[in-house]
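The values are calculated or read from the model by the stated rules, or taken from the named source; none is laboratory data. All values derive from a computational prediction rather than experimental measurement. Methodologically, a virtual Cβ is constructed for each residue, glycine included, from the backbone with ideal geometry; neighbour enumeration extends over all protein chains shown.
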Amino acid sequence: MKIAYLGLGLMGQAMAVNLARAGLDVVGWNRTPGKSGEKALLEAGGKVEKSLETAVTGAAVIFTCLGDIGDVEQVLLGKGGVAEFAPAGAVIADFSTIGPEAAKRIYGALGAKGMRFLDAPVTGGDVGARNATLTIMVGGDEKPFQTALFAFEKMGKNIKHCGPSGSGQALKLCNQILCAVNMISVCEALHLAERLGVDENLVVDVLSAGAGGSWALTNLGPRIIKEDFEPGFALKHMLKDLRLVFENVDGQADLLPGTKLAQDLFRKVGETDISNGGSANGARGTQAMRLAYE
Ligand code: NAP
């Protein structure tokens, strides 16, 4: 069974590599050729195509991991996109975070062409993508979920069919609140440790096992202490996700005050990036929220 994987960015390349390592017939495509994702997939035994058309022609399952709503709509529904070339009956699962409303629209548009769409956003970060331990939250019909499950299992550990189209994205937005608000506590704890003159490493080493422990503290705390702000999960994506959260509650910021605070702090770091040279804006990892406290 041919699997196409479109979008070999940070997440996409690690997930496609895991499919190839599992011995599946995976063909990757990336908009900008020559990036590291193509090399990684080839080295893992997968194939890479230069054109989207060739990548999806004859594919029974098509995965995408892209950026924002417009990117996913362009690749799936736009001119020269998946809907023009994929076989009728293909299962198309999108791992990007785009929110439930967009997912439902795409489900309807692809459904009208006989294609079966699943929203399948993920959590677990770049680490989870590399280690094939992602949580995959799937919305859509049961039958295509069962069809794609064998491949989901090669990329994740915790795979859940959450309900009808949009359900996976709805759960993912809840997850983004957990990640965003939790980042405040990690940054503030490290900030206080510095202020009180206690070794910041102790915050990670000792407190990770306690009631205040979290994925962010364990995985991102050490990066913050080393002032390593390279993305696992880029700030621009978090800002997108928090925008999606508020779009999906009709802009009612009062409903989610903690999320609003996190959004303000992430934005502050974006502005710092701009003042430091512009092009890096949003490219740092979300752990760069720590800089908002300086
Ligand atoms: P990334 O490293 O920036 O990669 C994005 C990929 O999408 C690249 O391959 C890019 O191609 C492609 N792309 C973007 N817009 C496109 C378009 N209009 N047409 C064709 N290709 C396009 O991003 P990422 O970190 O892998 O994240 C991808 C998605 O997963 C996002 O929705 C993000 O919110 C979500 N996510 C990320 C994480 C994480 O920890 N990183 C975790 C969970 C969910 P080019 O190389 O040509 O730019």
The residue from Glu200, Glu247 that alone is touching an Asp or Glu at 6+ places or on another chain (Cβ under 9 Å) and surrounded by fewer than 16 Cβ atoms within 10 Å (Cβ to Cβ) is Glu247
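Table: residues versus (1) at pLDDT 95 or above; (2) more than 23 Å from the chain's Cα centre (by Cα); (3) of a type in the set (A, V, I, L, M); (4) not assigned by TED's automatic domain parsing to the domain that holds Ser185.
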site: Leu255; (1), (2), (3), (4): yes, yes, yes, no
site: Gly258; (1), (2), (3), (4): yes, no, no, no
site: Ala262; (1), (2), (3), (4): yes, no, yes, no
site: Lys268; (1), (2), (3), (4): no, no, no, no
site: Thr272; (1), (2), (3), (4): no, yes, no, no
site: Gly285; (1), (2), (3), (4): no, no, no, no
Going by what's in this entry, would Ile98 be described as in the same structural domain as Val17 (by TED's automatic domain parsing), touching a helix residue (DSSP H, G or I) at 6+ places or on another chain (Cβ under 9 Å) and away from the ligand (no atom under 14 Å from the Cβ)?
no
Q.
Residue under question is Leu217, and the condition is that it be hydrophobic (A, V, I, L, M, F, W, C), more than 16 Å from the ligand (Cβ to nearest atom) and within 30 Å of Asp68 (Cα to Cα); does it hold?
A. yes
Asp250 meets each of (1) farther than 27 Å from Glu200 by Cβ; (2) in a helix (DSSP H, G or I) with one exception, condition (2)
Of the candidates Gly114, Gly34, the one satisfying the condition of being within 14 Å of the ligand (Cβ to nearest atom), surrounded by fewer than 18 Cβ atoms within 10 Å (Cβ to Cβ), at positive phi and over 19 Å from the mean Cα position of the chain (by Cα) is Gly34
Among helices (runs of 4 or more DSSP H) completely within segment 96-211, the ones holding 2 or more residues that are modelled with pLDDT of 95 or more and either over 30 Å from Glu84 (Cα atoms) or in contact with a Ser or Thr (Cβ under 6 Å, 6 or more places away or on another chain) (or both) are 100-111, 125-131, 167-196, 200-207
Per the filter on segment 223-242, residues over 16 Å from Ile184 (Cβ atoms), assigned to a helix (DSSP H, G or I) and at pLDDT 95 or above are Arg223, Ile225
Selection over segment 6-21 where residues are closer than 26 Å to Met115 by Cα and more than 10 Å from the ligand (Cβ to nearest atom) yields a count of 5
Scanning segment 50-84 residue by residue, those more than 20 Å from Glu247 (Cβ to Cβ), without any contact (Cβ under 8 Å) to a residue 24 or more places away in the chain and near the ligand (Cβ under 9 Å from one of its atoms) turn out to be Gly78
Of the listed residues (Val127, Val82), the one being touching a Leu at 6+ places or on another chain (Cβ under 6 Å) and not charged (D, E, K, R) is Val82
